[in-house]
Amino acid sequence: MISGKEKERQLIIKLYNEKKTCRGIASTLGTSKSKASYWINRYKKTGILTDIPRSGRPTKLNQKKLDNIYTTLREEESKNNRSGFSSKRVSELIEKATGKKYTLRHVRRVLEKMNIGLITPRVSHIRKDEKKIKQFKKDFKKNSTESMWTTYLSHSTKLDLG
């Protein structure tokens, strides 16, 4: 499948072969003159329009290691009966897997790469009463056959708001 960049490059060469100038090609395609000129010269020299592979150090965090980290996180999540995990914990797992320490910002990028969103941790309130929560849920289930407004109206008449 040809990418959009390659299609644009092919159009540049096609228009060049139709005897258009670099300036004319650039205005027709909505690109810069230097871009059109670059791809025309490159095509004349090499005959190819694809990107040349770049050199560079490969990442120590390959897909297999990312998958292992992901499964470890999900296992810990289910084992501890919690949802979510901290960036610090992910950083520790990455360091254990690669032997290299990542910054928290880089850890967030890695999490985005793994399609894991960042969730801000919320603390529970000091005066949270579990008994009252259970009672509310129980009462709410009893009243679930009624509409929300009849429940509200029955409570508001008890409170004598009017």
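The values are calculated or read from the model by the stated rules, or taken from the named source; none is laboratory data. The structure displayed is predicted, hence computed values, not measured ones. Backbone-built Cβ (ideal geometry, glycine too); neighbour counts: all protein chains shown.
Residues checked against (1) farther than 22 Å from Tyr102 by Cβ; (2) outside the structural domain of His106 (by TED's automatic domain parsing); (3) touching a residue at least 12 places away in the same chain (Cβ under 8 Å); (4) in a loop (DSSP other than H, G, I, E, B):
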site	(1), (2), (3), (4)
Ile12	yes, yes, yes, no
Leu15	yes, yes, yes, no
Ala26	yes, yes, no, no
Ile52	yes, yes, no, yes
Ser55	yes, yes, no, yes
Leu73	no, no, yes, no
Glu77	no, no, no, no
Lys88	no, no, yes, no
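Conditions tested, residue by residue: (1) more than 25 Å from the chain's Cα centre (by Cα); (2) of a type in the set (Gly, Ala, Ser); (3) surrounded by 12 or more Cβ atoms within 10 Å (Cβ to Cβ); (4) farther than 30 Å from Glu8 by Cα.
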site	(1), (2), (3), (4)
Leu29	yes, no, yes, no
Trp39	yes, no, yes, no
Lys45	yes, no, no, no
Ile52	yes, no, no, no
Lys60	no, no, yes, yes
Leu66	no, no, yes, yes
Glu77	no, no, yes, yes
Val90	no, no, yes, yes
Leu93	no, no, yes, yes
Next item on the list: Sort out which residues of the stretch 79-107 are in contact with a Leu (Cβ under 6 Å, 6 or more places away or on another chain) and over 13 Å from Leu61 (Cβ atoms), and write them in order of number.
Entry: Phe85, Ser87
